[in-house]
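Okay, so here's the structure we're looking at.
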Amino acid sequence: SVVLSRLYVLRNQLVHGGATWNGSVNREQLRDACAIMGKFVPTVIELMMDNPSTLWGDPVFPVVQDT
């Protein structure tokens, strides 16, 4: 929980302008976060693909149907 919370903070810094292109602040943490997510995300996707009948909850961004 703590690790994911810290990753979320780094994500917010990047997306919402708290970190600048080629800046020196948080670069070490960002490299660590990328390494963690590089292992974590494929594992979660594999877990979900291997268990298609499991209810994973509603999608955060559901597909919008054409009208």
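Readers should treat all values here as calculations from the given coordinates under stated rules, not as data from a laboratory. Computed from a prediction, not measured in an experiment: that's the story for all the values here. Every residue, glycine as well, gets a Cβ built from its backbone with ideal geometry; the counts of neighbours run over all protein chains shown.
Note the listed values [x] 44, 33, 19; [y] 40, 24, 17; [z] 31, 22, 17, then indicate which one is Cα extents along the principal axes in Å calculated from this particular structure. This structure yields the entry labelled [x]. In the chain, a dipole from Cβ-located charges (positive for Lys and Arg, negative for Asp and Glu) runs towards its positive end, and of Leu4, Val25, Phe40 it is Val25 whose Cα lies farthest in that direction. Full extension of the chain between Ser5 and Phe40 gives 11.2 nm of extra length, using 0.36 nm per residue less the Cα-Cα distance.
Against the chain, whose longest principal axis is taken from its Cα atoms, helix 2-15 shows a tilt of about 70°.
Mean residue ellipticity, 222 nm, helices only, the chain: the sum of -39500 (n - 2.57) across DSSP H runs of n ≥ 4, divided by residue count and rounded to 500, is -19500 deg cm²/dmol.
Counting only Cβ charges, +1 for Lys and Arg and -1 for Asp and Glu, the dipole size of the chain around its Cα centre is about 380 debye. Loop-located chymotrypsin sites (Phe, Trp or Tyr not before Pro) across the chain with a Cβ neighbour count of 15 or fewer within 10 Å are Trp21, Trp56, with loop assigned by DSSP.
Using 0.36 nm per residue and subtracting the Cα-Cα separation, the extra length available between Glu28 and Val15 on full extension is 2.9 nm.
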